[in-house]
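Working notes, structure below.
Just so it is clear, none of the values below were taken in a lab; they were calculated from the coordinates. Note that this is a predicted model, so its numbers are computed, not measured. Because the Cβ atoms are built from the backbone with ideal geometry, glycine has one as well, and the counts that use them run over all protein chains shown.
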Amino acid sequence: MPKILFISIPNSCTAMLNLSRLCRCKQSLSAVQSKLLVSSRNGFSNSIISRQIITTTKMHRYNILGRFSLSSTIKSNSIIMRFCSSTPKPKTSRAVGYWLLGCSGMVFTAVVLGGVTRLTESGLSMVTWRLLGEKMPTNEEEWQKEFEKYQQYPEFKYKNQNITFSDFKWIWYMEFAHRTWGRAIGAAMFLPAAYFWYRGMLLPDMKIRVAVYCGLVAAQGLMGWYMVKSGLEDRFHGPSDVPRVSQYRLAAHLSLAFILYAGLLGGALRVLRPFPAAATLQKIKELKSITGLAHAVKAMTFITAVSGAFVAGLDAGLVYNSFPKMGDNWLPDDILAFSPTIKNFTENPTTVQFDHRVLGASTLAAASTLWLLSRRRPLSPGARAAARALAAMAWMQAGLGVATLLCYVPTALAASHQAGSLVLLSLAVWLTHEVKLLKYIPK
């Protein structure tokens, strides 16, 4: 906010001299965005004397020194002066940045843990949901009651009729750990947010961001239960039906997690590596292609990850376990087997896997092109390192995907592949932030 100083100059010479001693400017006024508006006692004048005071060229033209005293102006004119100066914007506490960074790390862990839960088919072991968490069984009788609840639902009836009591405990623990970690994220998000908000440590724009983050955390928890509920419904009647959660709800659940993670990481970078306050955002032609492609890689990483959720939801990684061809063909015969055609893209395992392959290869090509362009652009060391790391991670992620496919989706490789998508997204967010920093030119 600009600071405004109103000074009324009386006719008394003694008061004028006293005031002039208080209004002596001891610092150079050059290169300051200020205006000195002068009005006489009888009416406002249109003269703006600040150009002769604060502009460097004017100071040299009129032989005005770097240090300027306002006393001469005040003594010779009975004036009312208003002095406006731009002050630096207040900064958000770095503690807020570290908090957001910690929450993003917790979300990263939750995504990996959720992937392991899905791969081990543990997600449907807990058939109830409570806002503050389910009580863990503490004795054999309580465990038996929990097992009896599980036996009433489709996964046991049509798939796990031969599951042992000890195996049930193991998958129950997996799902319990995932849900408990999700609630821990909620506590780590809401409680510090309330504290920072109450203590006035959040700027207006950061308040909006934090409110959105909290909303996403709440939506993520509700979507998680909505997803699990789809696998508990009695809709699996055919002999080939496999009880599983809806691939649509799984994709929505994963999408919210990725959006929340990218938002938290981006918010942390804005606090820990802030844009200069006294600067203007410039358009730099050399960075236009880098900026556009960096955002494209970020979007393609997100879309590819969402398509991976459909692969996981339909167990599409278990069909056509060959690369680069799918079986003996580049384009499988059953790629459009469903009718209407649009259903193939979200319900046909063959089509879903093919789409994921194409999106993964496209993301790899875009990240590699971005790295080649970055070598010929005026980037900072940080931005250049981010572009290099992004391209390297894209190749590693592609390798993990191929290995996961060829090995028939082992848990360790598949979980690493899902974690790799988050690492790739993190590097894309970092790169876009570093490139934007380069566009801020000090005034």
Surface/4 estimate of mean projected area, convex hull on alpha-carbon atoms of segment 287-443, nm²: 10.3
Contour excess over end-to-end distance, with Cα ends at residue 226 and residue 337 and 0.36 nm allotted per residue: 37.0 nm
Dipole in debye (nearest 20) - segment 278-443, about Cα centre, beta carbon charges: Lys, Arg +1; Asp, Glu -1: 1320
Efficiency of FRET between residue 162 and residue 358 - r from beta-carbon atoms, R0 35 angstrom, step 0.05: 0.35
Compactness of segment 147-275, expressed as Rg and Dmax over alpha-carbon positions, Å: 19.5, 60
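If neighbour count is taken as other Cβ atoms inside 10 Å, put 315, 328 in order from fewest to most. The partial results should precede the final answer.
Details: 315 14, 328 8.
In increasing order of surrounding Cβ atoms, one gets 328, 315.
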Two-site FRET efficiency, residue 208 against residue 259, from Cβ-Cβ distance with R₀ of 22 Å, rounded to 0.05: 0.90
Where labels lie 7 Å past Cα in the beta-carbon direction, separation of residue 128 and residue 248 in nm: 3.0
Relative contact order, percent, segment 294-352 [alpha-carbon distance under 8 Å, six or more residues apart]: 31
Using alpha carbons only: equivalent-ellipsoid semi-axes of segment 130-173, gyration tensor based, whole Å: 19, 13, 9
At R0 = 45 Å, FRET efficiency that the Cβ-Cβ distance of residue 235 and residue 141 yields, to 0.05: 0.90
Directionally averaged projected area (convex hull, Cα atoms, segment 358-441), nm²: 5.5
Volume per residue of the C-alpha convex hull in segment 216-298, rounded to whole Å³: 125
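Please give the peptides 134-141, 379-386, 306-313 ranked by average Cβ packing (other Cβ atoms within 10 Å per residue), highest first, as a rough proxy for protection.
Most protected by this proxy first, the peptides run 306-313, 379-386, 134-141.
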Candidate aspartates and glutamates for bridging to residue 298, where Cα separation is under 19 Å - those fewer than 8 sequence places away on the same chain excluded: 355, 434
